[in-house]
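Inspection log for the structure reproduced underneath, given as C-alpha cells.
The values are calculated or read from the model by the stated rules, or taken from the named source; none is laboratory data. Note that the structure is predicted; figures quoted are calculated from it, not measured. Note that each Cβ is placed from the backbone with ideal geometry, even for glycine, and that neighbours are counted across all protein chains shown.
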Amino acid sequence: MPPAYERLDRDNYAFLGVLTEICVAFPALSLVELGYDVFVVTDASGTFKEHTREAAHKRMAQAGVQLLSWAAVAAEMQRDWRRDIEGFGKLWTDHVPGYWCLMQSYANNPANSK
C-alpha cells in the first residue's frame, strides 16, 4: 500500500499520489477488485502528460473508483460542516476565498440558532 492513502473506515479508502496512472491507479483498482469503495483525489495527484492522466481517470471510473477533488473528499468525510465550524470551516476559509461569507450567513440566520 502506498503511503498516500487514507483509510476512511473499514470499507472506504481515499488515494492521492505522485503519478496518477501508477501510484494511484494500481492500488485503487486492486482495492475495488477486492470490494472496497475507493475515492481518488484527482487534484492531489500528478502525471507527466495530460492524456495519461485522462486515460487513468477513465480506467478507474469504469472500474467503479469515485473521482473527486480535495474539496469533495473533505466534504464527503465531514458530511456536515456545522459539526466543526472552527476546524472544517477554517479549512474552507483558508483554501476557498470568500467561503466565510456562507458560514457567516448561516451563523447569523435566526432560523439556525439553537
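Side notes on the structure shown:
- Index of the failed condition, L91 passing every other in (1) closer than 15 Å to T20 by Cβ; (2) out of contact with any Leu (no Cβ under 8 Å at 6 or more places or on another chain): (1)
- Test: residue in the stretch 91-114 that is among the acidic types (D, E), exposed (fewer than 13 other Cβ atoms within 10 Å of the Cβ) and at pLDDT 90 or above: no
- Test for W100: is it over 20 Å from the mean Cα position of the chain (by Cα) and not assigned by TED's automatic domain parsing to the domain that holds D11: yes
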